[in-house]
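Taking it in order: structure first as structure tokens, then the write-up.
Every number in this text was worked out from the coordinates using simple rules, so none of it is lab data. The model shown is predicted, which means the values in this text are computed figures rather than measured ones. Cβ placement follows ideal geometry from the backbone for every residue including glycine, while neighbour counts extend to all protein chains displayed.
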Amino acid sequence: LDAKMKKRVADACANGCVPRHVSSVDTKTGVISINIIDVPHNHVFATTPPSCECVRFFTERHKKYPLIVQGPSAGADSTASALLAELLNLMRTKIGTRPGELSRN
């Protein structure tokens, strides 16, 4: 498998591309696909840093130029902020809000 992927990367590079793992959801047909495709070096999927996600939305309004949402998918920062958000949500729903200061001396 390593040799096969090494060749795939070399072939893509020879064509000015890089292989990327790309998922697609067609809401009209309900078709979901997950493929490794070659994208040009300057494509947003090629320039997105590791451990970041990039989602493109093609809509009626964004036909020619898709709406792009990009950000961390994993890592200490996003995990910590997700945990903090969940903790605050649990506190708000289980305990309720209380007036006053957050910390007491």
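Of the trypsin sites (Lys or Arg not before Pro) found in segment 9-75, those in coil by DSSP whose Cβ has at most 15 other Cβ atoms within 10 Å are Lys28, Arg61, Lys63, Lys64.
Amide H contacts of Cys52: Ser73, each under 5 Å away and 5 or more positions distant or on a separate chain (H built 1.01 Å from N in the peptide plane; Pro and chain starts excluded). Place a label point 7 angstrom from the Cα of Lys63 along the Cα-to-Cβ direction, then list the residues of segment 26-41 whose backbone nitrogen is under 20 Å away. Zone members listed by number: 26-30. Multiplying each eigenvalue of the alpha-carbon gyration tensor of segment 1-63 by 5 and taking the square root yields semi-axes of 25, 15, 11 Å, largest first, rounded to whole angstroms. Taking GluC sites (Glu not before Pro) across segment 1-96, the ones in a DSSP loop with at most 10 further Cβ atoms lying within 10 angstrom of their Cβ are Glu60. The HN-Hα couplings worked out from phi for segment 9-24 by the Karplus form 6.51 cos²θ - 1.76 cosθ + 1.60 (θ = phi - 60°) are 5, 5, 5, 5, 4, 4, 9, x, 10, 9, x, 9, 7, 10, 10, 9 Hz, whole numbers, x standing for Gly and Pro. Couplings 3J(HN,Hα) for segment 41-56, derived from phi with the Karplus relation 6.51 cos²θ - 1.76 cosθ + 1.60 (θ = phi - 60°), are 4, 9, 5, 4, 5, 7, 9, 5, x, x, 6, 10, 9, 9, 10, 10 Hz, where x marks Gly and Pro.
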